[in-house]
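The values are calculated or read from the model by the stated rules, or taken from the named source; none is laboratory data. Predicted, not measured: the structure shown is a model, and the values here were computed from it. When we count neighbours, we look across all protein chains shown, and the Cβ atoms used for this are built from the backbone with ideal geometry, even at glycine. Note: accessible area is taken over every heavy atom of the protein model, side chains too, but ligands, DNA and RNA are not part of it. Shrake-Rupley method; radii C 1.70, N 1.55, O 1.52, S 1.80 Å.
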Amino acid sequence: MTQPTAGMREAMAHAVVGDEQYGEDPTVLELERRGAELLGHEEAVYLPTATMGNQIALAILGERGTELVVEETAHIMVHELGGAAMHSGLQTRGLPGHRGRLTPDQLRATMRADGTFHTPRTSVLAIENPHNTHGGTVWPLEELRTLVETARGFGVRVHLDGARLMNASVASGVPAAEIGALFDTVTLCLSKGLGCPMGALIAGSRELMHRARFEKHRFGGALRQAGIVAAAGLYALDHNVERLADDHARARRLAEGWAASGVPVDLELVETNFVQIDVAAVGLSQREALDRIEAEGVRLSRTMKAGVVRAVTHLDVTDDDVDRALEAVPQALDAHVHA
């Protein structure tokens, strides 16, 4: 929902460009260099979207006819149109997570090695951090490290869907490179909290990123004078990372204010810039709640959880907007309860 700021638009207008497909766009090359450093890997590849990044990761890490393990409501599982099966021939096994997190015991009970004739071997584990459907919740670093080590013990490769990784980094105080380096590949979306009009990065070893560039072309992601949009990514890394803390603070203020007004909010899930409201608890469907709240001048969005909607704070949401939402949403829900 974010709009490019005036400074970002100026950076885009003055970008030095070249042919990205042939590795001749200096702005793209600089973004890839900085992205690799940011994410804790040798090399990064600039892409149109993070969904493409996730699908490229599965293509280069997995093997056809084997199994991908993810949390059952992860983006890769529910929002990528069965891409793992269609593009990479992977069977996907979704496991129930607590706050979007899986446990080593779950992996030990699930991972399948070679030698079982009727069941596919597990080749890839994909983790989402922060986890979208569970409210933007963040993995503790040591818990993440233990899970990855468990997967590697089975010979399984690991991918991090880090679409909102900078939110996790800012919220936890752990550098993104320290998180990203745990994985074989990691993606980062530039058009979420970082505020770019488009773009994403995938990072990994030089060998894997060499293969990623082939998959990028195969997926139709090769670009030409892409420095115009890559410049937005560079601007975002310079100006829009530390300010994510402001989004988190506004989300916390929203959550606490709504909870104090009787709005059904689970405060424990508010770790980054999401606030989920259980509108089913007040007898409303998602659609009914969204319509009533929008009529009061506030736009929220659906979630994958039945009866739950969410607010997302971002760089275009001001303190005044938060004040308005603190008043309007309880009014909209209370009007229904007392109708």
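The figures follow:
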| read-out | value |
| --- | --- |
| Most to least accessible of 214, 117, 219 (protein chains only, probe 1.4 Å) | 117, 214, 219 |
| Approximate shape of segment 29-69 as ellipsoid semi-axes (Cα gyration tensor, √5λ), whole Å, largest first | 24, 11, 8 |
| Convex hull volume of segment 260-339 per residue (C-alpha atoms, cubic angstrom) | 94 Å³ |
| 222 nm mean residue ellipticity, helices alone, for the chain (DSSP H n ≥ 4; -39,500 (n - 2.57); rounded to 500) | -13000 deg cm²/dmol |
| Antiparallel content of DSSP bridges confined to the chain, in %, to 5 | 55 percent |
| Rounded to the nearest 20 debye, dipole of the chain from Cβ charges on Lys, Arg, Asp, Glu | 920 debye |
| Part-to-part distance (alpha-carbon centres) for segment 248-312 and segment 123-140, which is given in Å | 20 Å |
| Sequence ranges 86-98, 220-232, 127-139, ranked by mean other-Cβ count within 10 angstrom, highest first | 127-139, 220-232, 86-98 |
